[in-house]
Amino acid sequence: MRPLIALPQTLSEWTGPVFEHSDIGSTDADLTKHGQGEPLGERIIVSGRVLDEDARPVRNALIEVWQANAAGRYLHKNDQHDAPLDPNFTGCGRTLTDERGRYRFVTIRPGAYPWRNHPNAWRPMHVHFSLFGAGLLTRLVTQMYFPGDPLLAFDPIFQSIPDELGRARLISAFDWETTIPEQALGYKFDIVLRGREATPMEQ
Ligand SMILES: [Fe+2]
């Protein structure tokens, strides 16, 4: 019944590290441009908006993504599973949301990968997302999945989200609008930071 109380930011927030558009390189959001040549796999466009609980755009949010390559392998020493690395794919990207809260990545559709959590355990295809607010002290982390992936039903991480609507919010939607003819399929993934419609985040 009463207006919300705004919590003032403290010295910790004001003095924390910040970032701006000049910190982002021109190809940081295009993961197909980080090597000497084209990475292998299916090119995709992943785009969407970052919104608050009232569907207002969240501007200048730093979004970082990381993912496996098309064969389901991360460029990381801890990932030693028997699938090839791609010399032209690091699997990492970043961008800032624009004035309307929009972001866009060009990347390769990630492969599923085994993770030994239980017998015959495979992670569904996914892209990890990290979001920072105006500074580096508030961070949210989640994962984006792909529609129609048969592994979603068997994945204990995806299934750990208790309600069906919450799980549905983590699955991107195929999107003709952002598909580029003869180039790449488009997937839409909006992220809602708070409220009833909030995108589930990792603890
Ligand atoms: Fe992963």
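Here are the numbers for the structure shown:
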item	result
Residue tally, condition under 16 Å from the mean Cα position of the chain (by Cα) and aromatic (Phe, Trp, Tyr), over region 93-142	4
Selection count where residues are part of a loop (DSSP other than H, G, I, E, B) and open to solvent by 80 Å² or more (accessible area, probe 1.4 Å), scope region 78-98	6
Condition broken by residue 122, with the remaining ones in (1) within 21 Å of residue 66 (Cβ to Cβ); (2) aromatic (Phe, Trp, Tyr); (3) surrounded by fewer than 18 Cβ atoms within 10 Å (Cβ to Cβ); (4) out of contact with any Phe, Trp or Tyr (no Cβ under 9 Å at 6 or more places or on another chain) satisfied	(4)
The lone exception for residue 73 - which of (1) part of a loop (DSSP other than H, G, I, E, B); (2) touching a strand residue (DSSP E or B) at 6+ places or on another chain (Cβ under 8 Å); (3) closer than 26 Å to residue 177 by Cβ; (4) not aliphatic (A, V, I, L, M) it fails	(3)
Pair list, Cβ under 8 Å, 6 or more apart: region 191-203 residue farther than 18 Å from residue 173 by Cβ, other residue open to solvent by 40 Å² or more (accessible area, probe 1.4 Å)	193/53; 193/140; 194/53; 195/53; 195/54; 196/53; 201/140
Selection count where residues are part of a loop (DSSP other than H, G, I, E, B) and within 20 Å of residue 98 (Cβ to Cβ), scope region 36-52	1
Hits in region 119-131 - residues which are within 16 Å of the ligand (Cβ to nearest atom), over 17 Å from residue 187 (Cβ atoms) and not basic (Lys, Arg)	121, 122, 130
In region 99-117, the residues that are open to solvent by 50 Å² or more (accessible area, probe 1.4 Å) and more than 16 Å from the ligand (Cβ to nearest atom)	99, 100, 102, 104
Filter result (buried (at least 17 other Cβ atoms within 10 Å of the Cβ) and either over 23 Å from residue 180 (Cα atoms) or over 17 Å from the mean Cα position of the chain (by Cα) (or both)) within region 35-69	39, 41, 51, 58, 60, 61, 62
Qualifying residues in region 132-152 (those that are part of a strand (DSSP E or B) and open to solvent by 10 Å² or more (accessible area, probe 1.4 Å)) - the one farthest from the ligand (Cβ to nearest atom)	135
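The values are calculated or read from the model by the stated rules, or taken from the named source; none is laboratory data. Everything numeric here is computed off the predicted structure, so don't read it as measured data. With ideal geometry, Cβ positions are generated from the backbone for all residues, glycine too; neighbour counts draw on all protein chains shown. Protein only, heavy atoms only, side chains kept; ligands, DNA and RNA dropped before computing areas. Shrake-Rupley method; radii C 1.70, N 1.55, O 1.52, S 1.80 Å.
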